[in-house]
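Engineer: This is the structure I want to talk about, given as structure tokens.
The values are calculated or read from the model by the stated rules, or taken from the named source; none is laboratory data. Remember, it's a predicted structure, so these values are computed and weren't measured experimentally. All Cβ positions, glycine included, derive from the backbone under ideal geometry; neighbour counts span all protein chains shown. Surface accessibility is based on the protein's heavy atoms, side chains included, excluding ligands, DNA and RNA. Shrake-Rupley method; radii C 1.70, N 1.55, O 1.52, S 1.80 Å.
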Amino acid sequence: MTPIDGLPPGPSMPVALQTLAMRTRQRPFFERARRRYGSMLTVRVHGLGPTVVVSEPELIKQTFKADPTVLHAGTASPLRELLGPNSLLGIDEAQHMEQRKLLLAPFKGQRMREYETMIAEIARADIERWPEDAEFGAARPMQRITLRAILRALFGAEGARLSTLEELIPRWTQLGARVALATELRKDLGPWSPWAKFKELRRQVDTILDELIAIAKGAPDLASRVDVLAMMAQAHHEDGTPMSNAEMRDELVTMLIAGHETTAHSLSWALERLRRHPQILRRLVQEVDEGGKALREATIREVLRSRPVVSFAGRYARKPFELGEYRLPVDTRILLAAILTHYDPKLFPHPERFDPDRFLDVVPDTYSWIPFGGGIRRCIGASFAQMEMDVVLRVLLEAVELLPTDEPDERSAFHGVVWAPAKGARIAVRRRVRERTRSLSPVLAGSAG
């Protein structure tokens, strides 16, 4: 059958209204559009240009497996200008594949196992400071834990420079969220403008990264270190040249942001969901006490399905691209919609129901469950993120009792690039009895029995 040249139909609302709907009521907007126009439709949103939204797994597969010279994901990404021209999220084709190979090693095998102990220590230290029987937002502590974890995994050390990064990165990320999709804010209008502040914070971050790179290159134990910076300091391109400081800085910043912010929001959603599903919570506590993890892993997959913090994986047509019944023109943006695919009842029965059992000892389908994107651009930190979520939840379930609530579900709030619990994932905890006993002195512990 001869493909149709052009774009599929879609909502006819003005661009301003479609943009507002996408940023405030995203899933209802796209669900209505899918019911009317099907699993491949066109939306028109400020700053994106002609945009085709796809939610059918077969079409998602076709897009993920497309020739990387036909569909780009980096050079047209709104994040390229924020993260730098060498960021893995902002490059394509041969450069992307070479850089990806260099960066995959720290997220495999023994290195991952060594990160687990470090993450558990970080989570345990933070959880010990949490108040009891008083409601507070989980988002902040989750951000602290994931930021410290990724900083340790990236740089493999503590110290004044890393403490400074812990102070700078949240401020830089918050500003980045404001300017990510609002291209009109990317103008330097003086030192108090958002873009000027953003660039100044990035300059401060780069200064510290250059110092850390120099220290790593001169470290006598460089070859035995397991952190990402040590690996980069020893890496060479295919032509034998080492990675430049600019390349290392852009990649480190990308992993800092992608490996910290998204995981923190996913953990916040996990706690928001579990407070409202006490039966699942009880099963998880029993499992962790017995040393198991199958239900916990299934719960993580279900959180990532039901509350994807990134709604879409994006591609950009550099040449005409046949997709479904259409031949999409050059400059078409394609959004692969986790926000729709994850809620398709044909793929996930009763999708509104939070049901970890759907993933119990089940590997999700590659083109139906896409919280980390897919194809040659699947997030290189996907395994790290799931491992980190698993470790943090295990430590939390061991240490505290998460108190249930009958409050309504928290809405999703858009933070420029990601979606997070609107109220910051309000939780309340109580120390578990066995944790209280562990903290007592031997004499008191004996008398308590």
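Engineer: Enumerate by residue number the trypsin sites (Lys or Arg not before Pro) in the stretch 176-208 meeting two conditions: DSSP loop (anything except H, G, I, E, B), and at most 15 other Cβ atoms within 10 Å of the site's Cβ.
Structural biologist: Those that pass, being in a loop and sparsely packed, are 187.
Engineer: In addition: Quick check: pseudo-label points 7 Å beyond the Cα along Cα→Cβ at residue 200 and residue 282, how many nm apart are they?
Structural biologist: Rounded to a tenth, the inter-label distance reads 5.5 nm.
Engineer: Restricting to Cα atoms and excluding each atom paired with itself, what does the Kirkwood estimate give for the chain in Å?
Structural biologist: Over the chain, the inverse of the mean reciprocal pair distance is 23.3 Å.
Engineer: Return the loop-located chymotrypsin sites (Phe, Trp or Tyr not before Pro) in the stretch 121-198 (DSSP other than H, G, I, E, B) with at most 12 other Cβ atoms within 10 Å of their own Cβ; answer none if there are none.
Structural biologist: Those satisfying the criteria are 192.
Engineer: Please give the per residue volume of the convex hull enclosing the alpha carbon atoms of the stretch 84-155, rounded to a whole number of Å³.
Structural biologist: Spread over its residues, the Cα hull of the stretch 84-155 gives 117 Å³ apiece.
Engineer: Would you please state which residues of the stretch 55-79 a label at residue 366 would reach in this model, taking the label point 7 Å out along Cα→Cβ and a backbone N cut-off of under 17 Å?
Structural biologist: Within reach of a label on residue 366, which here means backbone N under 17 Å from a point 7 Å along Cα→Cβ, the stretch 55-79 contributes 56-68.
Engineer: For n ≥ 4 DSSP H runs only, could you compute -39500 (n - 2.57) per run for the chain, divide by its residues and tell me the 222 nm figure to the nearest 500?
Structural biologist: Dividing the helical sum by the residues of the chain leaves -16000 deg cm²/dmol.
Engineer: Distance from the Cα centre of the stretch 342-395 to that of the stretch 13-64, in angstrom?
Structural biologist: Value for the Cα centre distance between the two parts: 22 Å.
Engineer: Among 84, 120, 105, whose Cα lies farthest out toward the positive end of the dipole of the stretch 77-225, if unit charges sit on the beta carbon of Lys, Arg (+1) and Asp, Glu (-1)?
Structural biologist: So the residue we want is 84.
Engineer: Further question on the same structure: Beta carbons within 10 angstrom, averaged per residue: use that to sort the peptides 217-226, 413-422, highest first.
Structural biologist: Per-residue Cβ counts within 10 Å, averaged per peptide and sorted highest first, yield 413-422, 217-226.
Engineer: Are there GluC sites (Glu not before Pro) in the stretch 188-265 that DSSP marks as loop and that have at most 16 other Cβ atoms within 10 Å, and which are they?
Structural biologist: 238
Engineer: Then there is this: Accessible area per residue for the chain in Å², computed with a 1.4 Å probe and the full protein assembly in place, what is it?
Structural biologist: Roughly 45 Å² per residue, with all protein chains present.
Engineer: Could you tell me the accessible area of residue 406 in Å² (1.4 Å probe, neighbours in place), rounded to the nearest ten?
Structural biologist: Residue 406 has an accessible surface of roughly 140 Å² with all protein chains in place.
Engineer: On to the next question. How much FRET efficiency would the formula 1/(1 + (r/R0)^6) give for residue 112 and residue 293, where r is the Cβ-Cβ distance and R0 is 25 Å, rounded to 0.05?
Structural biologist: 0.95
Engineer: What percent does the relative contact order of the chain come to when contacts are Cα pairs within less than 8 Å and at least six residues apart?
Structural biologist: With pairs under 8 Å counted, the relative contact order is 25 percent.
Engineer: Same structure, new question: I want to check a number: in the chain, how many lysine pairs have alpha carbons closer than 21 Å, given a sequence separation of 8 or more or different chains?
Structural biologist: Count of close lysine pairs: 8.
Engineer: Something else about it: Roughly to the nearest percent, how much of the accessible area of the chain is carbon and sulfur, given a 1.4 Å probe?
Structural biologist: Heavy-atom surface of the chain belonging to carbon and sulfur, 1.4 Å probe: 53 percent.
Engineer: What's the center-to-center distance, using Cα atoms, between the stretch 280-328 and the stretch 139-212 in Å?
Structural biologist: Computed from Cα coordinates, the inter-centre distance equals 27 Å.
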